[in-house]
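Here the structure comes first, spelled out in structure tokens, and everything after it is commentary.
The values are calculated or read from the model by the stated rules, or taken from the named source; none is laboratory data. Since the structure is predicted, the reported quantities are computational estimates derived from the model, not experimental observations. Neighbour counts are summed over all protein chains in view; Cβ atoms, including those assigned to glycine, are modelled from backbone coordinates with ideal geometry. Protein only, heavy atoms only, side chains kept; ligands, DNA and RNA dropped before computing areas. Shrake-Rupley method; radii C 1.70, N 1.55, O 1.52, S 1.80 Å.
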Amino acid sequence: LHFDSYGNLLVQVVGVKYVRIYAREETEKLYVIQNNAGSRHSQQGNMSALDVEQEDWEKHSLARDATYQECVLFPGDCLFIPSRAWHYVRSLTTSISINYWW
């Protein structure tokens, strides 16, 4: 689960993908990994400690109340992901996608 600093058009070309999106207003519930976490992946402050597929509600209790939208993308589908919107993407089949950030 992460966010990008730019708007994103995600175009599904081949295969199928699952996408979950949390609005930036949900940030306080998403357990942002801080810079001191020792990982180079957390340097931007745009990564969450949540595992959205196997959440530990005892460890991340606030996440239970975070609202999100989800969809499944098929070939030819295009999804706009606003800048700083938290999102999780998983391929459900072998897939090819094209992203355009601006």
What single numbered condition from (1) under 20 Å from ALA23 (Cα atoms); (2) in contact (Cβ under 8 Å) with a residue 40 or more places away in the chain; (3) open to solvent by less than 40 Å² (accessible area, probe 1.4 Å) fails to hold for SER95? (1)
I'd like to check something: does the stretch 59-68 contain any residue that is out of contact with any helix residue (DSSP H, G or I) (no Cβ under 8 Å at 6 or more places or on another chain), part of a loop (DSSP other than H, G, I, E, B) and farther than 17 Å from TYR18 by Cβ? yes
Taking the stretch 51-77 and keeping residues under 21 Å from PHE3 (Cα atoms) and open to solvent by 80 Å² or more (accessible area, probe 1.4 Å) leaves GLU53, GLN54, LEU62, ARG64, ASP65, THR67, TYR68, GLN69, GLU70
